[in-house]
Amino acid sequence: MAVDTAVTDAVKVAADAAWHKGASNFVALDVTGHLALTDAFLIVSGRSERNTKAIADAIEDELHLAGVKLSRREGKTDGRWILLDFGLIVVHVFHEEEREFYALERLWKDCTVISLSLPGGEQPEAE
């Protein structure tokens, strides 16, 4: 079962917000059928704790404007791995070092990648 339009729209809004704050290494995964709690993961990296916090804030703000409510936020104090749970999507904002260590996308490698187009037509590479 593939994710619906509301989910892909939310993922794209979150990815666009993250891109504008300098996020890198974008991976969006359809986790329907693998996880009952959410439909999609967006995983991005930031260069520093300050950058990950700015990315998380921008994602939260833009999804709020799009009518997608934040259910839970974890890890913002440290800024090393920030989890934003919006119900239909969960966004993981990692510091580059934590991203490499935890390698979430490898744990979910059986999931379908959701195609993203970033501003300027840039297409992030899936890992």
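Taken together, the values in this text are just the output of simple stated rules run on the coordinates, not laboratory data. Just so it is clear, the model here is predicted, and its values are computed rather than measured.
Points worth noting:
- The stretch 5-115, relative contact order [Cα under 8 Å, separation at least 6], %: 31
- Each residue of the stretch 61-68 is assigned a 3J(HN,Hα), and the resulting list reads 4, 5, 5, 4, 4, 7, x, 9 Hz, derived from the Karplus form 6.51 cos²θ - 1.76 cosθ + 1.60 (θ = phi - 60°), x at Gly and Pro.
- Chain lengthening between E49 and D16 when straightened (0.36 nm per residue, less Cα-Cα): 9.9 nm
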